Amino acid sequence: MDETNVGENSTQLNIKSRRKSMVNKRMLMQLEENKINNKKDITDYSSKRASLISNSLGELKLRLNDNDIAKTKQRKRRKSEFIRPVFELNNYLTLKATLIDIPELIVQQESDIVEAVIGCQQPNNYHVYGRLPNGEVSYLFKFREYSGCAMRVLCPVNCRQFNMKMKAVASYENKYDNNFSNSILNIDKNFKIPCFCLIRPDMKVELIQDKTRLGTVEQTFSFCDPSFTVYNGNDEKVKFITADCCQCGLICRNNSLGKTDDAHFFIYNPKDMTKPIGDICKKTESIFSIADSYSIIYPVKIPPEEKILLTIVAIMIDYQFFEKNNNVK
């Protein structure tokens, strides 16, 4: 009995051990399968993540490239906007340095063949020359009028509204160049009908680079003798210009008698009106030219800004008295 019991117990133990080994093998197989699946999941996840990262990096690169392109465009615009005012300012500083040593300027209106033939008013151009102390003459700068055709044809010239640009010219060969994109000064004249002392025509001068106002030239009211007042950027009277109305070149300016005589407009210091310190002379017209010309003898030791404003006075004298159009009396 004992032997049989021992044999049965041994067979039972063998069966149990086999079952455990089978269970262990199954568990190992499951673990290996899980590991493999986990590895696949990990690789799939890593590949997906890598693709997402690469896509996001690509998008970031595109955005950065777009931003770089936009920034470079902005920089180019800023550079162009920065270079142009500096160029204009350099021209203005050069002009001021040149005007310091020039005692006389010659302002000459450009003759227009179309206006001479058909009689229709054209925009005025003015060429400005500087006469050095040694007598040499050099071309300095140019003015150009911008106005509408109806304003020039229908409106009296001393009421006309226009805008005028001034630019420095490098050489005499470029005097007919009408590209005013690099202008230095801007001159505005508003539409005004003169009415005694209430409404007076004026021309405002400002620097294009930073909109700094250099001053104003105003035709002041007088019963007989024409007069002009020059104000600086602070609205202070710096010069007063007047002329004798009985001059032949002024009172007879519309006939041949007046065209053979000069007209003088004398420059005074507003604080001392006893003695003239300068002269703006409307020169006698030549039989070979239909354009007006003016000679400006500046007062001694005045700043270049006042010399520019006195040049504007000569142009305003031309519009108010000598331009070929009906004026409002």
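Among the listed pairs Lys175/Lys275; Lys204/Lys301; Lys192/Lys307; Lys275/Lys307; Lys165/Lys301; Lys167/Lys239, those with a Cα-Cα distance over 29 Å are Lys175/Lys275. Here the dipole of the range 192-289 is about 140 debye; that uses its Cα centre as origin and unit charges on the Cβ of Lys and Arg (positive) and Asp and Glu (negative).
Within the assembled protein chains, the solvent-accessible surface assigned to Asp101 is about 100 Å², based on a 1.4 Å probe. For the range 133-240, GluC sites (Glu not before Pro) meeting the loop criterion (DSSP other than H, G, I, E, B) and having at most 12 other Cβ atoms within 10 Å: Glu136, Glu236.
With every protein chain kept in the model, how would you rank Val238, Val153, Val217, Val300 by accessible area, 1.4 Å probe, largest at the top? Could you put the intermediate results ahead of the total?
Details: Val238 20, Val153 75, Val217 0, Val300 125 Å².
Output order, biggest surface exposure first: Val300, Val153, Val238, Val217.
A quarter of the convex hull surface defined by the alpha-carbon atoms of the range 125-242 gives 9.6 nm² as the mean projection. Accessible surface ranking for Thr274, Thr216, 1.4 angstrom probe, highest first: Thr274, Thr216.
The values are calculated or read from the model by the stated rules, or taken from the named source; none is laboratory data. This one's a predicted model, so the numbers in the text were calculated from it and none came from an experiment. Please note: Cβ atoms are built from the backbone with ideal geometry, for glycine as well, and neighbour counts cover all protein chains shown. Each accessible area value is taken on the protein alone, full model and side chains, heavy atoms only, with ligands, DNA and RNA left out. Shrake-Rupley method; radii C 1.70, N 1.55, O 1.52, S 1.80 Å.
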